[in-house]
Amino acid sequence: MAYPPRALNFENFAGAHDFLLGQQTINVIAGSQYLSIGGGDLFARLNPIPDASHTRDRKASPPDSACFPGTREGVIKEVTTWADAVDLVPGTEGGEIGITFSALVVCTPTPHVYWLHGFAGCGKSAVSLKIADIFEESGRLLASYFFFRNAGDRSTMKRFAVTLASQLASALPATAPFIETALRTDPGLLNNSVSLTRQLERLVYNPFQEVMKGDILKEALAKGPYIIVIDGLDECDDRRGVEEFINRMLAFFDEHPTIPLRIFIASRVEQHIRERLETVGVRLGNLDSHSPLKDIERFLQASFQMAATRDRIIQAYVRVCGSWPTKTDIDKLNKHIGGSFVLASTMFQYIVQPPTEEDPRTPMDRLPLTLEMNGLDSLYAQTLARSQHLPHFRDIISTITVLRYSMPIVWIAGLLGIQPFEVVRVLLNLQAIIHVPGTDVEGNVTVCHTSFRDFLTAESRSGLFFVPLSFHLYLSYYCFFSVFERSETHVLDYDWQYFDAHWRSFVDSTACDFINEIEQFKTRQPLLVNRLPYHVFLCSMFFYTLFRPQSRPLSDSSYLLTKCTMHLALAVECSDRRIRLWLEGGLAYNLWGHGFGAVQITEHTYQTLQHDLQRASTAIHTNFPEILEFQRSSPGTKKEFAISRGHCSGIDIFNALTWIVARARFKWEELRMTPPPPLELLLRVLGTRLILQL
């Protein structure tokens, strides 16, 4: 249990709050004074995700969902009634009804958790936003967190606890000293070296529990319980983290059944979530059971009326032909939409989007076409078709789909090696399904709904627009290239952090034929003008994969070793200036993952390595003689060879391969056996070094 710093009395500072004495901050909270840690900024130390809450800019940080005025009132009332129930009044027994302050207190136990579930696009995020807004206004919202797939840390549990804690400290300042004490006594809370359970206990549950006494508890009983809103739990990629969060949350409420705290969760029905939340202590709400037809009709009518005030084509049509759309049009459209708010919103955007040279149709032309579409999939395909003829269309759409987090236009252009206007030209026709920021530099390109990414990554649904997992190979290469380009417009934190992650996504996929995809990748490279020769990339990544057996694409690891050597020779035979950067500098950061591997060295493997290493040595002497000073003598008598895991250059790879050949020759000479028996090369990570043993 955390204890705050000793309360101090400063009678001469009556009415003052959050003031400084020397270098120490005095926080005055609910009549008490607490001394903070060295005047440090708690929020800066917690480093929360800034765009995870309901207050984020939804255009830049999806989901961009909000309840249209006057809609979803039934389900909102149901949730607020649950959240307003107060279970326990001091001095009453279970089952009694009592009055405390201004609140009617019903002592029948109310579940602490509400799980609102429903199909994709039915409006869960909009309801979550409305619930957060309502309880923020009443002063009862402790925190909100909106998960979103492929949105960096927002799609993981890495910063979930610290983000909740920072909002908790802001909403309920009395918790801040307890959070500070936890950070001081347990520094691992900030670097994910402890479990999620411990993070939640020390930073969220315990601080809240500690302050639920005295005036603060009375206030909670008067106003109603505090609430935390969590949306899109199914969009968290960390399945084990989700399970751990749910398990600990339910256990906490079992241990503290009267604590005035509610947690509202909205998600799709995923098995790992469902099997834990369908239990006693959780109220279940099915959004699909709340018919949204009237709400969607209201939304469509108001939206088309607003569009008519801005669109001169619609205005001219109405003057001649009368009102548009007609009541019959709205009824047909509403019936066709089938209760999906995201489909309603996306279809409306598709209908009223501006005409282009390739698609000159008016809104009046498009409305009948939407009635022929088969839900979101047809709408997505129709919209994508508007730009599919443009240069770089497939690369741009695929990049947006598989990126680990969203980027501005200029970053996407830099990553792909194209101009920003080429990205804009593709995206402007797709604004019904993709949010396009107002400038190239500020604001991120984001998909309007997760279902669009689901559509693109399912070949049976997207057909010609399918984005295969093999595109991770290309994105890994683009990131790798940008690292060595070293220009302000290309080198991004993303390149340094994620190029090996995209490579792993490629090699780990059972849907990818590794060798075939590599060959297709190589045949495409002449089209990538001014790119770093792909031989450098493949040499580095094949060598890297040898140390990651969990990412091994082939049972025969000798393929990786021999192809690594072949691409080394091909790389140094190029005169590109960036080859020298790779040979000298390599990857000056911690690329390598923990693990170990083994490769069988046969006589055939040895001969192949020896041949390509001789080519590489000749080319280095010819094209890069200044690099020779970095070449290390590698006698076969050495039992092992080591490389720094944080700085593996091209010449390091050359030296390692040279040692393997020399060591194999020495071992066979020792054995004096004909034919030479296979040898086992062991590769492992030890501390800060990569170790090869033969």
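Suppose we keep only residues that are under 28 Å from the mean Cα position of the chain (by Cα) and either open to solvent by 20 Å² or more (accessible area, probe 1.4 Å) or free of Cβ contacts under 8 Å to residues at least 40 places away in the same chain (or both) within the stretch 367-383. Which one would you say is nearest to Asp331 (Cα to Cα)? Looking at the filtered set, the residue picked out is Gly375. Per this entry, Arg386 is counted among residues that are part of a loop (DSSP other than H, G, I, E, B) and either at positive phi or under 34 Å from the mean Cα position of the chain (by Cα) (or both). The residues of the stretch 274-292 that are in a helix (DSSP H, G or I) and either open to solvent by less than 80 Å² (accessible area, probe 1.4 Å) or farther than 17 Å from Lys124 by Cα (or both), listed by number, are Glu275, Arg276, Leu277, Leu287, Asp288. Return the total of residues in the stretch 216-273 being in contact (Cβ under 8 Å) with a residue 12 or more places away in the chain, charged (D, E, K, R) and in a helix (DSSP H, G or I). Qualifying residue count, the stretch 216-273: 9. With the requirement that a residue be open to solvent by 60 Å² or more (accessible area, probe 1.4 Å) and either free of Cβ contacts under 8 Å to residues at least 40 places away in the same chain or assigned to a loop (DSSP other than H, G, I, E, B) (or both), what does the stretch 389-414 give you? Answer for the stretch 389-414, where residues must be open to solvent by 60 Å² or more (accessible area, probe 1.4 Å) and either free of Cβ contacts under 8 Å to residues at least 40 places away in the same chain or assigned to a loop (DSSP other than H, G, I, E, B) (or both): His389, Pro391, His392, Arg394, Arg404.
Each row is one residue, and each column tells you yes or no for (1) under 25 Å from the mean Cα position of the chain (by Cα); (2) in a loop (DSSP other than H, G, I, E, B); (3) of a type in the set (S, T, N, Q).
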position	(1), (2), (3)
Lys130	yes, no, no
Glu136	no, no, no
Ser144	yes, no, yes
Thr163	yes, no, yes
Ser166	yes, no, yes
Leu189	yes, no, no
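Among residues of the stretch 288-303 that are touching a residue at least 60 places away in the same chain (Cβ under 8 Å), those with a Cβ under 7 angstrom from a residue that is open to solvent by 70 Å² or more (accessible area, probe 1.4 Å) and of a type outside the set (Asp, Glu), sequence gap 6+ or separate chain, pair up as Asp288/Phe119. Checked against (1) over 19 Å from Pro111 (Cβ atoms); (2) loosely packed, with under 15 Cβ neighbours inside 10 Å, Asn247 passes all but a single condition, namely (1).
Go through the stretch 420-450 and give me each residue that's surrounded by 22 or more Cβ atoms within 10 Å (Cβ to Cβ), in a helix (DSSP H, G or I) and of a type outside the set (A, V, I, L, M). If the condition is that a residue be surrounded by 22 or more Cβ atoms within 10 Å (Cβ to Cβ), in a helix (DSSP H, G or I) and of a type outside the set (A, V, I, L, M), then Asn429, Thr450 are the ones that fit.
Scanning the stretch 200-233 for residues being open to solvent by 30 Å² or more (accessible area, probe 1.4 Å) and among the acidic types (Asp, Glu) gives a total of 3.
Could we say that Thr197 is surrounded by 20 or more Cβ atoms within 10 Å (Cβ to Cβ), assigned to a helix (DSSP H, G or I) and of a type in the set (S, T, N, Q) here? Against the criterion (surrounded by 20 or more Cβ atoms within 10 Å (Cβ to Cβ), assigned to a helix (DSSP H, G or I) and of a type in the set (S, T, N, Q)), Thr197 does not qualify.
The values are calculated or read from the model by the stated rules, or taken from the named source; none is laboratory data. Keep in mind that this is a model prediction, so the values were computed, not measured. With ideal geometry, Cβ positions are generated from the backbone for all residues, glycine too; neighbour counts draw on all protein chains shown. Accessible surface areas use protein heavy atoms only, side chains included; no ligands, DNA or RNA. Shrake-Rupley method; radii C 1.70, N 1.55, O 1.52, S 1.80 Å.
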